[in-house]
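Report on one structure; see the data block that follows.
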Amino acid sequence: MHVFDIIALFIFLAGLFIFVNTYFLKLPSSIGLMIMAIALSVILFIAGYIFPELKFGVEELEEYDYAEVLYHVVLSFMLFAGALQIDFKKLSKERTPVLVLATTGVLISTFVIGTLVYYMLHYIGIELHYLYCLVFGALISPTDPIAVTKTIKKFNLDKELEVKIQGESLFNDGVAVVLALTLLDIAHAGEDHPLSVFETVYIIGADIGGGIFIGLMLGYLGYRLLKYVDNDAVEVEILITLAVVMVGSFLADFVHVSSKQAAVVMGLVIGNEGKGEYVTSAAGDYVFKFWNLMEESLAAMLFVLIGLEMLVIPWRFDYFAAGFFAVNIVLFGRWLSVFIPIKLMSVKRSFRPNTIPVLTWGALRGGLPIALSLSLTEFHGKDVILTMTYIVVVCSVLYQGLSVPLLMKSYGTKG
């Protein structure tokens, strides 16, 4: 099967899933798409045994290496689209808690989840290097901004809490992805020889610092080009943003720095400068609508990929057991990553009583952890990370997603 045939299949299935969910299931997009993704994988699994000739097509899908497409296109596009939506002016006085939760919170979540997963795997007899456990902790930390935003809009949440939820969800994507890929670089470098503190700091500084520099440079260039182009030339504006993301990703990879950090910074620069009063004609509404559509479309395609991933992950009891243990570990890590920063910030600022439980249980995982786990380079233990990620995402979307409305109502919000 040719690569374009596979992409066409993904687009067709994503469109079909969205249509069925919108007009028939009428569930929140992440929940409806996840249910159909699981149904797809079950149907393919059963059909492969009833009609053995169908296995050949499925095997081609399994053998195709998604890593390059996911790493170079999907992750960069999704991070840029998410960052483009972040408006610092709307965050206003909630800027500090949002930034603290999205940075310190991700670091706490990564360390807690990674450490507990390391000991859990050791207990059930699975060997995985501690750094790779931290990689799992980082890649599973980002929450799904689309699922979160669509859920909270159905309820009359306190405005301050709503801004915290949306802002933190949009910010933590980029932070978690960059942290996961940086930890992966450190883990790979450490396989050759033990890394000194200086080498570790250099890798982190080069990855993040270089990505920020390229993001600022190309983000400002894109902003100036958008400012120069007339707002009526919608297609030119969109092509400029596409070119900026793709060139930034290529340039960052070429000089071996974080292309994902560059994508986030470019989105922040263009999104915030483009929404200024003077630059409204530069970054017109169609640019933001296009990237919002791009993000939702890629998210739908990732849910299709989740359905196919069930056919790829190894069917081992110990891996699945680790996955179900990881569900509880991830929830605990999320709670701790919210509880600690909020309690520390409570010394100088007030928070609503329901902030911690809503931020904890409302943090649904989406397609980004799946895309990130599938884009990881090969290493010993990748299969167990894939399995744990799959189970955590499925349980998060279905279990948390279906019960979040009950939590919102229990805190006096209206549906």
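Some observations on this one:
- Qualifying residue in segment 210-224 (condition: over 21 Å from Leu70 (Cα atoms), of a type in the set (Lys, Arg), surrounded by fewer than 16 Cβ atoms within 10 Å (Cβ to Cβ) and in contact (Cβ under 8 Å) with a residue 24 or more places away in the chain): no
- Qualifying residue in segment 239-252 (condition: at pLDDT below 90, over 24 Å from Ala176 (Cβ atoms) and more than 21 Å from the chain's Cα centre (by Cα)): no
- Just one of the listed residues (Val358, Val304, Val338) is modelled with pLDDT of 90 or more and over 13 Å from Ile140 (Cβ atoms), namely Val338.
- Thr115 vs. criteria in contact with a helix residue (DSSP H, G or I) (Cβ under 8 Å, 6 or more places away or on another chain), modelled with pLDDT of 85 or more and farther than 30 Å from Ser350 by Cα: yes
Conditions tested, residue by residue: (1) within 26 Å of the chain's Cα centre (by Cα); (2) of a type in the set (Lys, Arg).
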site: Phe325; (1), (2): yes, no
site: Ser337; (1), (2): yes, no
site: Leu344; (1), (2): no, no
site: Lys348; (1), (2): no, yes
site: Pro353; (1), (2): no, no
site: Trp361; (1), (2): yes, no
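- Segment 158-189, subset of a type in the set (Asp, Glu) and over 22 Å from Asp253 (Cα atoms), residue modelled with the highest pLDDT: Glu168
- Answer from Asn292, Asn231, Asn272 - the residue that is at pLDDT below 85, out of contact with any Leu (no Cβ under 6 Å at 6 or more places or on another chain) and in a helix (DSSP H, G or I): Asn272
- Single match in Leu99, Leu116, Leu107, Leu75 (criterion: over 14 Å from the mean Cα position of the chain (by Cα), under 23 Å from Ser375 (Cβ atoms) and not basic (Lys, Arg)): Leu107
The values are calculated or read from the model by the stated rules, or taken from the named source; none is laboratory data. In this text, all values refer to a predicted model and were calculated from it rather than measured experimentally. FYI the Cβ positions are ideal-geometry reconstructions off the backbone, even for glycines, and counts take in every protein chain you see.
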